[in-house]
Amino acid sequence: GNAKVDSLTFNGSTPLHIAAGRGSVKLTALLMAAGADPQKENLEPLFFRDDDSCDEEREEEDEDEGYIPGTTPLNMASTTQVLELLNGKEYEPKSPHRSFNPPQGDLVSLDVGVKQQMCHALESEGCWENLAHSLGLGILNTAFRLSPSPAKTLLDSYEVSGGTVRDLLAGLRSVGECRALSVLEEALCHHDDEETQITDETRGESQVVQDLKVDVRIDSGVCDSGVELSTA
């Protein structure tokens, strides 16, 4: 659709940076096929001069001693398969005739009101950035920060990527004490109580039905074996 394959985020990252960093083989292959540049540097320095002042080899490779390179998709490749694709290897799908299905998570099952309470808590306490890192979406924090509601954009992105309630709960716990964790835990406890109540009611209804069946059989003069009862 004439989209710019190397469009930049506010930290200079391209879609290929993000795909490579998250280890997405299919998205990496798609972007490479569309002409994405695996050598494109973002604004994140690959190293810091103070930390590598004794690295003579790296200094010799730099034509300009004052230049510090940015991070490329090649530097961010998180798997061997992604690295091979970035180096030009042709993508070979395992199931070429199988349609692509996006990852499925259960985050969509959370009540909208619960999500809104969580977003408000995350933003008021300023802990949504730490949560993004815990969920593997920290590289998008700059983009989230520019959103009218960073926490909502974070949760929406996590949901689209197949996020689960269990991993969200673990991510919130890793962040530490925050009101969003209490909101989610209370919602889950309430949901479990409702399921238990429904199960108990269902069992009760089943027992009533069984009792009615027994009453009907007795009233009709037929015992459980199907033999008519004697009236003599």
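Does Lys115 satisfy the condition of being open to solvent by 90 Å² or more (accessible area, probe 1.4 Å) and either under 28 Å from Arg22 (Cα atoms) or modelled with pLDDT of 85 or more (or both)?
no
Sub-9 Å Cβ pairs linking a first residue in the range 1-22 that is free of Cβ contacts under 8 Å to residues at least 12 places away in the same chain to a second residue that is open to solvent by 40 Å² or more (accessible area, probe 1.4 Å) and not small (Gly, Ala, Ser), at least 6 apart or interchain, are Ser7/Pro15, ordered by first then second residue. Could you tell me which residue of the range 141-171 is nearest to Ser109 (Cα to Cα), considering only residues that are buried (at least 18 other Cβ atoms within 10 Å of the Cβ) and within 13 Å of the chain's Cα centre (by Cα)? Restricting to residues being buried (at least 18 other Cβ atoms within 10 Å of the Cβ) and within 13 Å of the chain's Cα centre (by Cα), the top hit is Gly163. The conditions of being touching a residue at least 60 places away in the same chain (Cβ under 8 Å), open to solvent by 40 Å² or more (accessible area, probe 1.4 Å) and of a type in the set (A, V, I, L, M) are not met by Leu110. Here's a check for you: in the range 121-140, which residue that is closer than 23 Å to Leu16 by Cβ, outside any helix (DSSP H, G or I) and not small (Gly, Ala, Ser) is most open to solvent (accessible area, probe 1.4 Å)? Of everything passing the filter in the range 121-140, Leu135 is most open to solvent (accessible area, probe 1.4 Å).
Pairing residues of the range 160-189 that are at pLDDT below 90 with residues that are among the basic types (Lys, Arg) and surrounded by 14 or more Cβ atoms within 10 Å (Cβ to Cβ), at Cβ distances under 9 Å and at least 6 apart in sequence or on separate chains, gives Ser161/Arg22.
Please list, ordered by residue number, the helices (runs of 4 or more DSSP H) wholly in the range 11-91 having 2 or more residues that are open to solvent by less than 20 Å² (accessible area, probe 1.4 Å) and at pLDDT 90 or above.
Details: elements: 15-21, 25-33, 56-61, 73-76, 80-86.
So the answer is 15-21, 25-33, 80-86.
The values are calculated or read from the model by the stated rules, or taken from the named source; none is laboratory data. Predicted model, so just to flag it, every value in this text is computed and none were measured. Neighbour counts are summed over all protein chains in view; Cβ atoms, including those assigned to glycine, are modelled from backbone coordinates with ideal geometry. Ligands, DNA and RNA are stripped out before the accessible areas are found, and what is left, the full protein with its side chains, is counted by its heavy atoms. Shrake-Rupley method; radii C 1.70, N 1.55, O 1.52, S 1.80 Å.
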